[in-house]
Amino acid sequence: MELRHLEYMLEIAKQESFTRAAEALHVTQPTISKTIAQLEQELGTPLFVRNGRKIKLTDAGQAILSQSQDIVRLAGSLKSELADLAGFKSGWIRIGLPPMVGATVFPKVVRMFLQEHPGLSIGLEEHGAIRVESDVAEGLLDSGLVLAPVREDLFDSFPILQENLFVVMERGHVLAGATELSLQELREEAFVMYREDFALHAKIYEQCDALGFRPRVLMESSQWDLIYEMAAEGLGVALLPESICRRLDPSRVAAVPLVNPSIGWNIVMIWRRGQYLSFAAREWIRYAKEHFSHSTPR
């Protein structure tokens with residue numbers, strides 16, 4: 001059993017597909033299929049089974065996977081340390097961020113960072129905050145932008161952005177002229193909502209539950225521009241961060257502050273506490289922390 005066998009297994013389990021795993025690892029599908037077949041023959045047991053169109057782990061596969069994650073993470077840390085000792089000339093940084101963050105504060109600071117460090121490369125993983133937090137915890141990402149609060153025993157962090165959600169609706173909506181709106185006033189409205197892997201999804205549901213109702217959700221999406229378009233067409237109301245609302249067309253939608261309760265969109269950068277980070281990742285965190293401590297994004 002080699003390290004690449006474990007890396008292939010982890011990626012197949014993550015993607016639930018040999019094809020997508022091969023694409024993510026930049027190898028051919030026959031290569032990854034042959035490698036897993038050889039490993040299964042060596043171990044004398046199947047590691048994957050098909051469940052409809054998806055690939056699932058067998059019991060044996062799950063047992064190997066539970067140990068493989070730590071092995072691959074530690075091997076990656078060892079490689080990074082050795083590269084640093086050998087002399088830093090290039091580097092690869094793995095960063096996770098939710099789509100809405102990528103549309104607001106992120107592109108400018110990345111551009112400035114890469115201008116100062118042209119030898120570095122950044123790999124972006126765009127997922128909801130819950131998935132980003134999980135991937136950072138598992139060592140699949142060096143750092144990520146997520147919604148506060150986070151587990152202080154597991155992550156180090158610093159603040160990036162603090163603002164509240166606004167109610168977004170078509171310009172002709174009966175509530176469009178309000179100066180502020182409570183969540184209670186929206187209980188009869190249809191909602192255009194975030195997917196379940198977005199931390200805001202759970203936050204909004206928690207606040208609605210506290211008021212004694214469940215939001216009537218028309219659709220869920222991971223893309224703020226689609227959520228906006230659906231609201232602009234009068235298909236439901238949406239709750240979007242203030243900085244996103246400043247990008248919307250005021251002739252099509254109204255954006256009204258949400259109060260009683262207000263729902264915060266407080267973004268922090270996290271990285272796994274106690275885990276070795278490459279020079280490139282450490283430099284990225286230092287640079288971002290310095291940048292955001294001297295800026296006051298709203």
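The values are calculated or read from the model by the stated rules, or taken from the named source; none is laboratory data. What you see is a predicted model, and the numbers here were worked out from it, not measured in a lab. So basically every Cβ, Gly included, is an ideal-geometry build from the backbone, and we count neighbours across all protein chains shown. Accessible surface areas use protein heavy atoms only, side chains included; no ligands, DNA or RNA. Shrake-Rupley method; radii C 1.70, N 1.55, O 1.52, S 1.80 Å.
Worth pointing out:
- Residue that is nearest to the chain's Cα centre (by Cα) [pool: residues in the stretch 58-74 that are farther than 16 Å from Glu2 by Cα and open to solvent by 70 Å² or more (accessible area, probe 1.4 Å)]: Gln62
- When the residues of the stretch 256-279 are filtered to those that are in a strand (DSSP E or B) and over 18 Å from Gln162 (Cα atoms), the one that is least open to solvent (accessible area, probe 1.4 Å) is Trp271.
- Filtered residue count, the stretch 189-220, keeping only those that are in contact with a Phe, Trp or Tyr (Cβ under 7 Å, 6 or more places away or on another chain) and closer than 22 Å to Ser134 by Cα: 3
- Here the condition is being assigned to a strand (DSSP E or B), of a type in the set (A, V, I, L, M, F, W, C) and over 23 Å from Asp249 (Cα atoms); of Ile122, Ile204, Ile130, it holds for Ile122 alone.
- Within the stretch 91-112, the residues that satisfy the criterion of being open to solvent by less than 80 Å² (accessible area, probe 1.4 Å) and either farther than 21 Å from His127 by Cβ or at pLDDT below 85 (or both) are Gly91, Pro99, Met100, Val101, Gly102, Ala103, Thr104, Val105, Phe106, Pro107, Met112.
- Count of the stretch 36-51 residues, restricted to those that are in a helix (DSSP H, G or I), modelled with pLDDT of 85 or more and surrounded by fewer than 18 Cβ atoms within 10 Å (Cβ to Cβ), is 5.
- The stretch 180-200, residues that are surrounded by fewer than 16 Cβ atoms within 10 Å (Cβ to Cβ), touching a helix residue (DSSP H, G or I) at 6+ places or on another chain (Cβ under 9 Å) and not basic (Lys, Arg): Glu196
- Search result, residues across the stretch 150-173 that are closer than 27 Å to Leu74 by Cα and either of a type in the set (Ser, Thr, Tyr) or open to solvent by 60 Å² or more (accessible area, probe 1.4 Å) (or both): Arg151, Glu152, Asp153, Ser157
- Residue within the stretch 22-32 that is at pLDDT below 85, open to solvent by 70 Å² or more (accessible area, probe 1.4 Å) and on the phi < 0 side of the Ramachandran plot present: no
- Listed by first and then second residue, the pairs linking a residue in the stretch 107-129 that is at negative phi to a residue that is exposed (fewer than 12 other Cβ atoms within 10 Å of the Cβ) and among the small types (Gly, Ala, Ser), with Cβ atoms under 7 Å apart and 6 or more places separating them unless they lie on different chains, are Gly119/Ser90; Leu120/Ser90.
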